[in-house]
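Report on the structure given below.
Any read-out appearing in this document is the output of simple, stated calculations on the displayed coordinates, not a laboratory observation. All figures in this text were calculated on a predicted structure; none of them were measured in a lab. Every residue, glycine among them, receives a Cβ derived from its backbone with ideal geometry; neighbour counts consider all protein chains shown.
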Amino acid sequence: MIRPAVAEDIPQLVDIWLRASQLAHDFIPATFWHERADDMARIYLPGAETYVLEVAGRAIGFAALNGDHLEALFIDPELQSFGHGTHLMAHAMGERQRITLCVYSRNVRAVSFYRRLGFRAVEERLDPHSGESETLMLWTQRPEGTAGQA
């Protein structure tokens, strides 16, 4: 079940974010993520349109949107590779005509995931927080009756 996040979800979502971030971004020191956990809990998640994927009464992942920008998509590391991220993205894509996102370029698994969903790379740039290269990606809903996407 996908539902809007409530304040009581925040600690569990931050835990998922922290564990998944460290796993997916092992090229960034763990301290970087730990230093940002409080901001994630107090600023970013409460300020975003956040959807929680819940299975058997437990939050296992979330997607956080800020307008048409996907700020975060994270699945509990123990439950990755079962289609949960695709399920959350299908929900987000059903809510928007277009979505942008930034992903660390060295996170090849995530870049490939978004490409499979129809996102295309728009720009390469440096993330000002980590100094790592990131890829700005864009997805737009196909107009009715078109076979492909530009």
Comparing Ile16, Ile99, Ile28 in a Gaussian network model of the chain (Cα, 10 Å), the one with the largest mean-square fluctuation is Ile28
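Count neighbours as other Cβ atoms within 10 Å of each site's Cβ, and list the GluC sites (Glu not before Pro) in region 1-103 that are DSSP loop with at most 15 such neighbours. Intermediate values should be presented prior to the final figure.
Numbers: sites: Glu8, Glu35, Glu49, Glu54, Glu71, Glu78, Glu95; in loops: Glu35.
Filter output for region 1-103: Glu35.
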Give me the net charge for the shell around Met40: Cβ to Cβ below 15 angstrom, other residues only, Lys and Arg +1, Asp and Glu -1. -3
The chain - charge dipole about Cα centre, Lys and Arg +1 at Cβ, Asp and Glu -1, debye rounded to 20: 540 debye
For the chain, set up a Gaussian network in which alpha carbons nearer than 10 Å are linked by springs, and say which option among Asp38, Asp76, Asp68 fluctuates the most. Asp38
Those helices of the chain passing the 18 Å axial Cα length cut-off and the mean Kyte-Doolittle cut-off of -0.5 (DSSP H runs only) are 10-24
Go ahead and set up a Gaussian network model of the chain, Cα springs under 10 Å, then flag whichever of Ala92, Ala48, Ala56 fluctuates most. Ala56
